[in-house]
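Asks: Just dropping this structure here.
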Amino acid sequence: MQNILSKISAFLIIFLVPLAEPAYAQGDNLTLAKADSLFQKQHYSDAFGLYENILQNEQRYSPQMLLKMAYIKEGLRDYTGAMYYLHMFYTKEPSRSTLRKMEELAQAHRLHGYEYNDLQFFKTQFSKHYMQILELLLLTAVVTVTVMFISWRRGHKFTGPFRLGFTLYLLFILYYINFLNLGDEGIIKNSHVAIMSAPSAGANWLATASEGHKVPITGEQDIWYEIKWKGEKAYIRKSNLLELP
């Protein structure tokens, strides 16, 4: 098992870090440099504190920093934290190799919800290019409206199917902006967590889950998240789930 973890860590640090680009403001450079220096000296806890401060307070981060944070959490056997930062890295730099590494780490520690599939990869790629796709949709709509207006001024009449098609296109843009959701996910962050059949402490108990498992979030009610647990609808307290960005 230790060999597996060593290979995973080495892969992430050696091969993936050079692919990432920094995303820091000038004011963060000193803090980042200090954190990187502590990391190189293997003062991992101190380095993680500075990285976390940059991430949470400054809301700035790079893929390199996320990988280092995941590496530190893995070394501390905090696999919930390791998976969380690997997921953040993956959303910024999606690749099939990262998905496979998360799956291997999950298999080594018997964690569920990290199975590799093409749909997961598609979702991440789509999310990454969401704004570019929206800009293209809006640009197409503006150009079409402009051409339609010029043609209308020249006396051109549009057919019913064309008007219907363009109306549906505009409705699709509204749906894309307001309702399109590829699904939220979360990681169980505590041990001995009760999975319930309804959003109530008095509901039927379904299972007891350990930390690190990833579950789809399908809704929420008060202090409860509605999730999918082994294909069935279930509920978990929000305080026990770390929602993925």
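The values are calculated or read from the model by the stated rules, or taken from the named source; none is laboratory data. Being a predicted model, the structure only gives us computed values, none of them experimental. Cβ sites come from the backbone with ideal geometry, for glycine too, and all protein chains shown count toward neighbours. Note: areas computed on protein heavy atoms with side chains; ligands, DNA, RNA excluded. Shrake-Rupley method; radii C 1.70, N 1.55, O 1.52, S 1.80 Å.
Asks: Taking Cα atoms, how many degrees apart are the long axis of helix 118-128 and the longest axis of the chain, rounded to 10 and kept between 0 and 90?
Replies: Helix 118-128 sits roughly 70 degrees off the main axis of the chain.
Asks: No solvent, one uniform scatterer per C-alpha: report log10 I(q)/I(0) for the range 167-245 via the Debye equation at q = 0.14, 0.16, 0.19, 0.26 1/Å, two decimals.
Replies: Computed log10 I(q)/I(0) values: -0.49, -0.59, -0.74, -1.22.
Asks: Further question on the same structure: To one decimal place, what orientation-averaged projected area in nm² is obtained for the convex hull of the Cα set of the range 90-229?
Replies: If I average the Cα hull's projected area over directions, I get 12.4 nm².
Asks: If you don't mind, another one. In the chain, if the dipole is taken from +1 on Lys/Arg beta carbons and -1 on Asp/Glu beta carbons about the Cα centre, which of 144, 106, 122 is farthest to the positive end?
Replies: Going by the charge dipole, the pick is 144.
Asks: Hey, what does the equivalent ellipsoid look like for the range 29-111, semi-axes from the Cα gyration tensor as sqrt of 5 times each eigenvalue, largest first, whole Å? Display every interim value, and only then the final one.
Replies: Details: eigenvalues 101, 42, 20 Å².
So the three semi-axes of the range 29-111 are 22, 15, 10 Å.
Asks: I'd like to check one number: the per residue accessible area of the chain, probe 1.4 Å, reported in Å² as a whole number. Kindly include the intermediate steps, with their values, before the conclusion.
Replies: Values: 14670 Å² over 245 residues.
Value for the chain: 60 Å² per residue.
Asks: Let me ask you something else. Would you work out if the chain is rounded, prolate or oblate? Take a ≥ b ≥ c from the square roots of the eigenvalues of the alpha-carbon gyration tensor; rounded if a/c is under 1.5, else prolate when a/b is larger than b/c, oblate otherwise.
Replies: On the way: a/c = 2.50, a/b = 1.48, b/c = 1.69.
It is oblate, given that a/c is not under 1.5 and a/b is not larger than b/c.
Asks: For the Cα atoms of the chain, what angle does the longest principal axis make with the long axis of helix 44-53, in degrees from 0 to 90, nearest 10?
Replies: 30
Asks: Here's something else I'd like to know. Relative to the present Cα-Cα distance, how much length would full extension add between residue 121 and residue 152 at 0.36 nm per residue of separation?
Replies: Values: separation 31, 0.36 × 31 = 11.16 nm, distance 4.41 nm.
Difference between extended and current length: 6.8 nm.
Asks: Share of the range 29-111's accessible area from carbon and sulfur, percent, 1.4 Å? Can you show the working numbers first?
Replies: Numbers: 1650 of 3960 Å².
With neighbouring chains kept in place, the figure for the range 29-111 is 42 percent.
Asks: I've got another one for you. So what J values fall out for the range 164-179 if you push phi through Karplus, 6.51 cos²θ - 1.76 cosθ + 1.60 with θ = phi - 60°, rounded to Hz, Gly and Pro as x?
Replies: 5, x, 5, 4, 5, 5, 5, 5, 5, 4, 4, 5, 4, 6, 9, 10
Asks: Restricting to Cα atoms and excluding each atom paired with itself, what does the Kirkwood estimate give for the range 120-180 in Å?
Replies: Values: mean 1/r = 0.0753 Å⁻¹.
Over the range 120-180, the inverse of the mean reciprocal pair distance is 13.3 Å.
Asks: Place +1 on the Cβ of every Lys and Arg and -1 on the Cβ of every Asp and Glu in the range 146-245, take the dipole about the Cα centre, and give the residue among 229, 166, 180 whose Cα lies farthest towards its positive end.
Replies: The Cα lying farthest towards the positive end belongs to 166.
Asks: Compute the acute angle (0 to 90°) between the alpha-carbon long axis of helix 29-40 and the principal axis of greatest extent of the alpha-carbon atoms of the chain; round to the nearest 10°.
Replies: Tilt of helix 29-40: around 40 degrees.
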